[in-house]
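Visitor: Dropping the structure in here first, questions after.
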Amino acid sequence: MPEGHTLHRLATALGEAFGGDVVRVGSPQGRFADGAARVDGVRLVGAEAWGKHLFVEFANELFVHVHLGLIGKLDVVRLGPGEAVPLPVGEVRLRVQSGSAYADLRGAIICDLVTAEERDAVVARSGPDPLRADADPERAWARISRSSKPIGTLLMDQSVLAGIGNVYRAEVLFRHRIHPLRPGRTLRSGQWHAMWTDLVDLMTEGVRTGRIDTVRPEHEPEAMGRPPRADDHGGEVYVYRRNGQPCHVCGSKVRTEVLAGRNSFWCPRCQPVFRSRAGRGGPA
DNA sequence: CCTCTATGGCGAA
DNA sequence: TCGCCCTAGAGGC
């Protein structure tokens, strides 16, 4: 589930469910038992996300640092009146509970207790996060515009830009007709700023809905008379995991290749490698 | 039962 | 670049 929108959504959910409450914190699985003990019975102040990092703040100036990695999940559940907290199911690394809610963390790549200084160090290593109002896209542009690395690699580099994952990478490049292998330094400033603005909009929508939807109204299933996507992540997308299927815009077969260690997807006609002086390009 | 996959990221080679 | 870590679910035999 986790790209940046998921973590921001979870930060909000945790704040609403537990903010200001004294909570019980445990590690049913045992792997976070020592850390959990240090914030058990302490007031949970709030939660905040930076890119894909989540920090849950406690009143004793300690933070639980969570990174879901590829397979982690954090479920935040509000309890109805009189409803009991269920027994943990599976490998629950961390459980937070109050009288009215509980949260279970499974499969996270990071679940550590940190100080404010350690939290700040993580933030300092991160590029601007499109979901944060204080983010500065120029910091990312300074890196992209000087790099010969592919833009598809740069977008996934959390020190360049924080919170973008494999779906947003594929989709924002498609929406801006940019081939993933194109070197960062060949992008024009206007293209980058348009992509940034688009990421802010798409990811804000992702926080609102809890899924990644990137297709424009004219390409939605109803508008095109095609069946909606039946997929475990739910959202409507142009190219992500659509390898071999026809592009919603031009009908060409969507291609894939491993880039920055992950499958990258693009349309060879809509996202040409080269851009001729006339402004048109050939297939990749 | 086994193998594979997944919206990440790290360190060793 | 590769292998490995985290966990759950799907699919094959």
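The values are calculated or read from the model by the stated rules, or taken from the named source; none is laboratory data. Just so it is clear, the model here is predicted, and its values are computed rather than measured. In this analysis, Cβ positions are derived from the backbone assuming ideal geometry, glycine residues included, and neighbour counts consider all displayed protein chains.
Visitor: Please work out which residue is farthest from DNA strand C (Cβ to nearest atom), limiting yourself to segment A:246-263 and to residues that are surrounded by fewer than 13 Cβ atoms within 10 Å (Cβ to Cβ) and among the hydrophobic types (A, V, I, L, M, F, W, C). Break it down into steps so the answer makes sense when it comes.
Guide: Quick first cut of segment A:246-263, residues surrounded by fewer than 13 Cβ atoms within 10 Å (Cβ to Cβ) only: A:250-251, A:258, A:261.
Checking the rest, the ones that are also among the hydrophobic types (A, V, I, L, M, F, W, C) come to A:250, A:258.
Numbers: A:250: 29, A:258: 7 Å.
Once the filter is applied, the top-ranked residue is A:250.
Visitor: Considering only residues that are without any contact (Cβ under 8 Å) to a residue 60 or more places away in the chain, within 15 Å of DNA strand C (Cβ to nearest atom), outside any strand (DSSP E or B) and not aliphatic (A, V, I, L, M), which ones fall in segment A:73-97?
Guide: Result: A:86, A:90.
Visitor: Is segment A:50-59 home to any residue that is in contact (Cβ under 8 Å) with a residue 24 or more places away in the chain, within 20 Å of the chain's Cα centre (by Cα), assigned to a loop (DSSP other than H, G, I, E, B) and more than 16 Å from DNA strand C (Cβ to nearest atom)? Quick ask: steps written out before the conclusion?
Guide: Step one: list which residues in segment A:50-59 are in contact (Cβ under 8 Å) with a residue 24 or more places away in the chain, which gives A:50-56.
In the following step, the residues that additionally are within 20 Å of the chain's Cα centre (by Cα) were identified as A:50-56.
Add one more test, that the residue is assigned to a loop (DSSP other than H, G, I, E, B), and what stays is A:51-52.
From the residues that got through so far, the ones that are more than 16 Å from DNA strand C (Cβ to nearest atom) too are A:51.
Checking segment A:50-59: at least one residue is in contact (Cβ under 8 Å) with a residue 24 or more places away in the chain, within 20 Å of the chain's Cα centre (by Cα), assigned to a loop (DSSP other than H, G, I, E, B) and more than 16 Å from DNA strand C (Cβ to nearest atom).
Visitor: Run down A:70, A:113, A:62 and say which single residue is under 19 Å from residue A:31 (Cα atoms) and within 16 Å of DNA strand C (Cβ to nearest atom). Talk me through it step by step, then tell me what you get.
Guide: Details: A:113 fails: within 16 Å of DNA strand C (Cβ to nearest atom); A:62 fails: within 16 Å of DNA strand C (Cβ to nearest atom).
When all the criteria are applied, what remains is A:70.
Visitor: Pick out the one residue from A:119, A:175, A:143, A:139 that is closer than 21 Å to residue A:10 by Cα, of a type in the set (Lys, Arg) and modelled with pLDDT of 95 or more. Step through it out loud before you land on a result.
Guide: Working: A:175 fails: closer than 21 Å to residue A:10 by Cα; A:143 fails: closer than 21 Å to residue A:10 by Cα; A:139 fails: closer than 21 Å to residue A:10 by Cα.
A:119 is the lone residue from the list that is closer than 21 Å to residue A:10 by Cα, of a type in the set (Lys, Arg) and modelled with pLDDT of 95 or more.
Visitor: Filter segment A:144-166 down to residues that are crowded, with 24+ Cβ neighbours inside 10 Å and in a loop (DSSP other than H, G, I, E, B), then give me how many there are.
Guide: 5
Visitor: To continue, here is another question. Can residue A:93 be described as farther than 20 Å from residue A:162 by Cα, within 16 Å of DNA strand B (Cβ to nearest atom) and touching a Phe, Trp or Tyr at 6+ places or on another chain (Cβ under 7 Å)? Let's see the steps before the verdict.
Guide: Values: farther than 20 Å from residue A:162 by Cα: yes; within 16 Å of DNA strand B (Cβ to nearest atom): yes; touching a Phe, Trp or Tyr at 6+ places or on another chain (Cβ under 7 Å): yes.
So residue A:93 fits the description; yes.
Visitor: Please go through segment A:145-183 and give me each residue that is without any contact (Cβ under 8 Å) to a residue 60 or more places away in the chain and more than 16 Å from DNA strand B (Cβ to nearest atom), ordered by number.
Guide: The answer is A:145, A:146, A:147, A:148, A:176, A:183.
Visitor: Can you tell which of A:39, A:96, A:85, A:114 is in contact with a strand residue (DSSP E or B) (Cβ under 6 Å, 6 or more places away or on another chain), over 17 Å from residue A:10 (Cα atoms), crowded, with 20+ Cβ neighbours inside 10 Å and of a type outside the set (Gly, Ala, Ser)?
Guide: Details: A:96 fails: over 17 Å from residue A:10 (Cα atoms); A:85 fails: crowded, with 20+ Cβ neighbours inside 10 Å; A:114 fails: crowded, with 20+ Cβ neighbours inside 10 Å.
None of the other options fit; the residue is A:39.
Visitor: Next question, about the same structure. Considering only segment A:209-262, state which residues are part of a loop (DSSP other than H, G, I, E, B), within 12 Å of DNA strand B (Cβ to nearest atom) and more than 26 Å from residue A:7 (Cα to Cα).
Guide: A:243
Visitor: Could you tell me which numbered condition residue A:276 fails, if it satisfies all but one of (1) of a type in the set (Ser, Thr, Tyr); (2) modelled with pLDDT of 90 or more; (3) surrounded by fewer than 17 Cβ atoms within 10 Å (Cβ to Cβ)?
Guide: Among (1) of a type in the set (Ser, Thr, Tyr); (2) modelled with pLDDT of 90 or more; (3) surrounded by fewer than 17 Cβ atoms within 10 Å (Cβ to Cβ), residue A:276 violates only (2).
Visitor: Got a number for residues in segment A:38-49 being among the acidic types (Asp, Glu) and either within 18 Å of residue A:160 (Cα to Cα) or outside any strand (DSSP E or B) (or both)? First the steps, then the outcome.
Guide: Step one: of segment A:38-49, the residues among the acidic types (Asp, Glu) are A:40, A:48.
Retained after the next criterion (residues that are either within 18 Å of residue A:160 (Cα to Cα) or outside any strand (DSSP E or B) (or both)): A:40.
Qualifying residue count, segment A:38-49: 1.
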